[in-house]
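Engineer: So that we are looking at the same thing, I have put the structure below in structure tokens.
The values are calculated or read from the model by the stated rules, or taken from the named source; none is laboratory data. Quick caveat: nothing in here was measured; it's all calculated off a predicted structure. Note that we place each Cβ from the backbone using ideal geometry, even for glycine, and neighbour counts take in every protein chain shown. Areas reflect the complete protein model, heavy atoms only, side chains present, ligands, DNA and RNA absent. Shrake-Rupley method; radii C 1.70, N 1.55, O 1.52, S 1.80 Å.
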Amino acid sequence: MSSILIREKTVRDHAWITTLMLESWGSEQVVVLKRIFHPLQLPAFVATSNDERIGLITFRLDPPVCEIITLNSLQPGLGAGRLLMDEVRKTALANDCTVLQLYTTNDNLDALRFYQKYGFQLERLIKGGVAADREIKPEIPLSADNGIPIRDYLEFTMRINP
């Protein structure tokens, strides 16, 4: 098994990130709670294995909070998601953040499992929160591939210490 390397995104990654956002998120922008993010413009780390990109995490630093905006693991089960999260955690600590925060939707069962196993706790449920974002970004589907209607946001947080 090959090792996974984590590195900061570079200009050479821009076309790949754009394609990944279009394929995974339906557009080059991500909307969360009426806030519009452009992942290409955010700090990001890329996971590679054998010179192939296998994961991406984007985030924003707003001490004391570091908010994870997107996490894509293209080969689940290899540990890329955990390594990407570890790198953001280190960066957050180096930038005086004491809390990691993220939002996911109610349908994203794999993410719910992953975040809780990583150590995140459910902070709050935002019932019906996706409807307002769908007005801004109509590409947000009404239901997921697993058949679950996409309606609510779940906010997860994790306290971090050096």
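Engineer: Report every pair of residues separated by at least 6 positions or lying on different chains whose Cβ atoms are under 8 Å apart, first residue within segment 8-20 and in contact (Cβ under 8 Å) with a residue 40 or more places away in the chain and open to solvent by less than 40 Å² (accessible area, probe 1.4 Å), second of a type in the set (Lys, Arg) and not in a loop (DSSP other than H, G, I, E, B).
Structural biologist: If the second residue must be of a type in the set (Lys, Arg) and not in a loop (DSSP other than H, G, I, E, B), the pairs left are Asp13/Arg53.
Engineer: Does Glu23 satisfy being free of Cβ contacts under 8 Å to residues at least 24 places away in the same chain and either over 20 Å from Val130 (Cβ atoms) or under 15 Å from the mean Cα position of the chain (by Cα) (or both)?
Structural biologist: It is true that Glu23 is free of Cβ contacts under 8 Å to residues at least 24 places away in the same chain and either over 20 Å from Val130 (Cβ atoms) or under 15 Å from the mean Cα position of the chain (by Cα) (or both).
Engineer: Could you check, for segment 121-140, whether at least one of its residues is closer than 23 Å to His38 by Cα, in a strand (DSSP E or B) and out of contact with any Lys or Arg (no Cβ under 7 Å at 6 or more places or on another chain)?
Structural biologist: For segment 121-140, residues closer than 23 Å to His38 by Cα, in a strand (DSSP E or B) and out of contact with any Lys or Arg (no Cβ under 7 Å at 6 or more places or on another chain): present.
Engineer: Another question, if that's okay. Restricting attention to segment 133-142, does a residue exist that is at pLDDT 95 or above, crowded, with 18+ Cβ neighbours inside 10 Å and over 22 Å from Gly77 (Cβ atoms)?
Structural biologist: Yes, the conditions are met somewhere in segment 133-142.
Engineer: Look through Leu112, Leu122 and report the one residue that is touching a residue at least 24 places away in the same chain (Cβ under 8 Å), out of contact with any Ser or Thr (no Cβ under 6 Å at 6 or more places or on another chain) and surrounded by 14 or more Cβ atoms within 10 Å (Cβ to Cβ).
Structural biologist: Just a single option satisfies the conditions, and that option is Leu112.
Engineer: Quick check on Gln41: is it of a type outside the set (A, V, I, L, M), surrounded by fewer than 18 Cβ atoms within 10 Å (Cβ to Cβ), without any contact (Cβ under 8 Å) to a residue 24 or more places away in the chain and out of contact with any Asp or Glu (no Cβ under 8 Å at 6 or more places or on another chain)?
Structural biologist: yes
Engineer: Further question: Report yes if some residue within segment 47-65 is surrounded by 14 or more Cβ atoms within 10 Å (Cβ to Cβ), among the basic types (Lys, Arg) and without any contact (Cβ under 8 Å) to a residue 40 or more places away in the chain; otherwise report no.
Structural biologist: The answer is yes, given that some residue of segment 47-65 is surrounded by 14 or more Cβ atoms within 10 Å (Cβ to Cβ), among the basic types (Lys, Arg) and without any contact (Cβ under 8 Å) to a residue 40 or more places away in the chain.
Engineer: List the number of the failed condition for Gly147; all other conditions in (1) at positive phi; (2) part of a helix (DSSP H, G or I); (3) not hydrophobic (A, V, I, L, M, F, W, C) hold.
Structural biologist: (2)
Engineer: Still on this structure, I have one more. Suppose we filter Asp152, Asp133, Asp107 for residues that are in contact (Cβ under 8 Å) with a residue 40 or more places away in the chain, in contact with a helix residue (DSSP H, G or I) (Cβ under 9 Å, 6 or more places away or on another chain) and charged (D, E, K, R); which single one remains?
Structural biologist: None of the others qualify; the one that does is Asp152.
Engineer: Here is a further query. Exactly one of these conditions fails for His14: (1) closer than 25 Å to Asn95 by Cβ; (2) under 13 Å from the mean Cα position of the chain (by Cα); (3) not in a strand (DSSP E or B). Give me its number.
Structural biologist: His14 satisfies every listed condition except (2).
Engineer: Restricting segment 67-109 to residues that are over 20 Å from Arg35 (Cβ atoms) and of a type in the set (Gly, Ala, Ser), which is surrounded by the most Cβ atoms within 10 Å (Cβ to Cβ)?
Structural biologist: Taking the candidates together, the pick is Ala80.
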